[in-house]
Every structure is written in structure tokens, then in C-alpha cells.
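**Student:** Just dropping this structure here.
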Amino acid sequence: MSDAPKQRRIERRLYVGNIPFKATQRDVAAYVTEGLPGSAVIEVGIPMNTEKGLNRGYAFVTVALPDGAGPNAWEVLNDGFIGPRQVSVKISKRDEYGG
């Protein structure tokens, strides 16, 4: 057994803005895991507009960053594309999902 301390994965809750109105949880999770190889998406929340049956254009994603990644590794996701829309990714300041 190794005496080296085990690295703890860093988790971040991200706000992903400007997603396509028909984007699904799977679409958003795929964007995050493709942009951050080795990461693990823990949860995706997409608030919905129940009147229109579409999402509200943003999502909250809880992600475990890859082992050895710095706490700001998520920044590579900012200004990428989900479908035709360029998304904005920031650290979330919300405590719970909702509209």
C-alpha cells in the first residue's frame, strides 16, 4: 500500500447559459464530459418553461473534475458550442434548481 495521500476530486457546480431550448440533460452532460475528459457529471438540472414545453435556455451541472485538475479546469468549457449555440459557463451561485 502506498503512503501517498489520495487526491480528492474537486466538485464544481456550474451554470451553463445559452443552451438550445430543446437541449436535454444528456446533451449538456455530453458537452461537459467531452470538454473535460476524465470528468464525471454528477447531476444536470434544466429548468423548464412548462407553458411552452421547452427549457429556459440554461442548466446547472454538478461535475467532478478529473484527478489532478486545478479548481478552474472547468473554464475550458466557456464559449464552446452545444448545437448551434455558443454557451457561457460559470461557477453557479444558486443553491437550488428552479426558474
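The values are calculated or read from the model by the stated rules, or taken from the named source; none is laboratory data. Here the structure is a predicted model, which is why all the values come from computation and not from measurement. No Cβ is skipped: glycine too gets one built from the backbone with ideal geometry, and neighbour counts run over all protein chains shown.
**Student:** Could you tell me whether region 24-31 includes any residue that is closer than 18 Å to Gly83 by Cα and among the basic types (Lys, Arg)? Show your work before the answer.
**Tutor:** To start, the set of residues in region 24-31 that are closer than 18 Å to Gly83 by Cα comprises 24-31.
Checking which are among the basic types (Lys, Arg) leaves us with 26.
For region 24-31, residues closer than 18 Å to Gly83 by Cα and among the basic types (Lys, Arg): present.
**Student:** Right, something else. Restricting to region 64-99, and then to whatever is loosely packed, with under 11 Cβ neighbours inside 10 Å and touching a Pro at 6+ places or on another chain (Cβ under 8 Å), can you tell me which residue is modelled with the lowest pLDDT?
**Tutor:** Across region 64-99, the extreme among qualifying residues is Gly99.
**Student:** Within region 13-41, count every residue that is in a strand (DSSP E or B) and polar (S, T, N, Q). Can you show your working first?
**Tutor:** Taking region 13-41 and keeping what is in a strand (DSSP E or B), we get 13-17, 40-41.
Among the residues that remain, those that are also polar (S, T, N, Q) are: none.
Here the count works out to 0.
**Student:** Continuing with the same structure: Exactly one of (1) surrounded by fewer than 18 Cβ atoms within 10 Å (Cβ to Cβ); (2) at pLDDT 95 or above; (3) not in a loop (DSSP other than H, G, I, E, B) is unmet by Val61. Its number?
**Tutor:** (1)
**Student:** In region 42-58, how many are among the aliphatic types (A, V, I, L, M), part of a strand (DSSP E or B) and buried (at least 19 other Cβ atoms within 10 Å of the Cβ)?
**Tutor:** 1
**Student:** Can you name the residue in region 8-38 that is of a type in the set (D, E, K, R) and over 17 Å from Ile91 (Cβ atoms) and is also surrounded by the fewest Cβ atoms within 10 Å (Cβ to Cβ) among such residues?
**Tutor:** Restricting attention to region 8-38, the residues satisfying the condition of being of a type in the set (D, E, K, R) are 8-9, 11-13, 22, 26-27, 34.
Retained after the next criterion (residues that are over 17 Å from Ile91 (Cβ atoms)): 8, 22, 26-27, 34.
Details: Arg8: 8, Lys22: 10, Arg26: 10, Asp27: 16, Glu34: 11.
Once the filter is applied, the top-ranked residue is Arg8.
**Student:** Something else now. Go through Thr50, Thr24 for me and flag whichever is free of Cβ contacts under 8 Å to residues at least 12 places away in the same chain and either among the hydroxyl-bearing types (Ser, Thr, Tyr) or touching a helix residue (DSSP H, G or I) at 6+ places or on another chain (Cβ under 8 Å) (or both).
**Tutor:** Thr50
**Student:** Does at least one position in region 70-81 carry a residue that is part of a loop (DSSP other than H, G, I, E, B), under 14 Å from Lys22 (Cα atoms) and out of contact with any Phe, Trp or Tyr (no Cβ under 7 Å at 6 or more places or on another chain)?
**Tutor:** Scanning region 70-81 turns up no residue that is part of a loop (DSSP other than H, G, I, E, B), under 14 Å from Lys22 (Cα atoms) and out of contact with any Phe, Trp or Tyr (no Cβ under 7 Å at 6 or more places or on another chain).
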